[in-house]
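Scroll down for the structure; my scribbles are underneath it.
Every read-out reported here was derived from the displayed coordinates using simple, explicitly stated rules and does not represent laboratory data. From a predicted model like this one, the values you see are computed outputs, not experimental measurements. Here the Cβ positions follow ideal geometry from the backbone for every residue, glycine too, while neighbour counts run over all protein chains shown.
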Amino acid sequence: MNRLLRLLQDGRFHSGQELGEALGVTRSAVWKHLQRIQGETALSLYRVPGRGYRLAEPLSLLEYEYLNPQLMQLNWALNLYDTIDSTNAEALRLLPRAGERPFIVLAEAQTAGRGRRGRLWVSPFGQNLYCSFAFKVHGGAKQLAGMSLVAGLAVMQTLRRLGVAEVGLKWPNDVYVDGRKIAGILLELTGDPADVCHVIIGVGINVNMVRAEGIDQLWTSIKEQIGMVDRNELVLTLAATLGVYLDRHSAAGFSALRDEWEASHIWQGRNCTLSSGSYEFSGVVLGVDQQGGIRMRLDGCERSFSGGELSLRLDP
Ligand code: ATP
């Protein structure tokens, strides 16, 4: 599928004849092929008599041959898919045969991208980054404390390096620009968290998406902020930056990164409500503790909270 899409990814018109010659097929085979691609990816395609075909929006497709050698140098093995249910789910499935080597799962689209607490991450074909980093952690709970917040720092720095200004973090692991979500992180564990386990850091970054259905909160994308970017360069910058942050975290723990995290927290010092299914607390956000839990002042007392069910919202 991707050979034909690659020819069209510049977003310009290409005639059926030109595409057919490039692929060694007839013009009607090109048309059939394009209908299949449209069915599988939901990409919008224009077909104009006399001019040919063009995509409604240009794409920046992921290139295995370009990415693989450079990710190898960063010690990440690459698994790249057109469409997968969820890159985190695929990473979990690959773990038993992955051996010791850290690996990445990347996909052009997810059909069941995961958010926290069973929510869906909207993942249209070819527009964003859907990426999971899987690796082994020795040393138990101490090595895991604050890891998902550290992943947030790495995503934020990656976006800053690309030129997206005003990026900030929202506890526990969302990345925002100007009050709108640009990226989310979902950390999953298997094995014994007190001893040896595998960590999967799933990262979704809105890259070239300009329209989306099914997102029930404000969102933005890199394209909306600074224009279209090459998703291959984004993968490489993210993999390198995450590697540096994970090394710092493994060597010195979350306490060494805590100040940096707090300095980037968009709701630091603000009145917020923390909720789980069963309770709600309102107070002032003071920061995070040594384990990455949220510190709040409630009725004059400081308290820390942590756990995957918690959700923080800014008070109106
Ligand atoms: P929390 O503070 O509890 O993490 P959240 O609403 O940010 O709240 P997540 O599980 O992090 O929850 O993300 C899932 C939510 O993110 C979805 O319910 C949807 O509102 C939103 N969402 C889904 N896909 C995208 C996307 N591509 N870009 C931005 N936001 C999205």
Practice task
Please work out the C-alpha center-to-center distance from segment 265-311 to segment 39-94 and express it in whole Å.
Solution key: 38 Å
Handout entry: Estimated Rh, segment 267-314: Kirkwood, alpha-carbon pairs, angstrom
Key = 10.6 Å
Handout entry: Helical segments meeting 27 Å axial Cα length and Kyte-Doolittle -0.5 threshold in the chain (DSSP H)
Key = 231-252
Handout entry: Calculated FRET value between residue 82 and residue 313, using beta carbons and R₀ = 35 Å, to 0.05
Key = 0.45
Handout entry: Relative contact order [Cα under 8 Å, 6+ residues apart], segment 1-55, whole percent
Key = 44 percent
Completion exercise
Note on the chain: C-alpha Rg/Rh, Kirkwood Rh, two decimals, gives 1.02
Practice task
Could you let me know the centre-to-centre spacing of segment 190-227 and segment 125-147, using Cα atoms, in angstrom?
Solution key: 12 Å
Practice task
Distance from a point 7 Å along Cα→Cβ of residue 141 to each backbone N in segment 178-218: keep the residues under 13 Å and list them by number.
Solution key: 193-195
Fill in the blank from the handout: FRET efficiency (residue 255, residue 211; Cβ distance; R0 45 Å; to 0.05) is 0.60
Practice task
List the residues of segment 1-23 whose backbone N lies under 13 Å from a point placed 7 Å from the Cα of residue 31 along the Cα-to-Cβ direction.
Solution key: 16-17
Handout entry: Sequence-separation-based contact order of the chain, relative, with Cα cut under 8 Å and 6+ spacing, percent
Key = 14 percent
Problem - Helix-derived mean residue ellipticity, 222 nm - over the chain, DSSP H n ≥ 4, -39500 (n - 2.57), to 500 - result: -9500 deg cm²/dmol
Fill in the blank from the handout: For segment 60-184, shape from the Cα gyration tensor axes a ≥ b ≥ c, cut at a/c of 1.5 then a/b versus b/c, turns out rounded
Problem - Neighbour cut-off at most 15 other Cβ (10 Å), DSSP loop, chymotrypsin sites (Phe, Trp or Tyr not before Pro), segment 244-316 - result: 279
Problem - Cut-off 11 Å between beta-carbons: net charge of the residues surrounding residue 204, Lys and Arg +1, Asp and Glu -1 - result: +1
Problem - Cα-based equivalent ellipsoid of segment 1-55: semi-axis lengths in Å, sorted from largest, via gyration tensor - result: 15, 13, 11
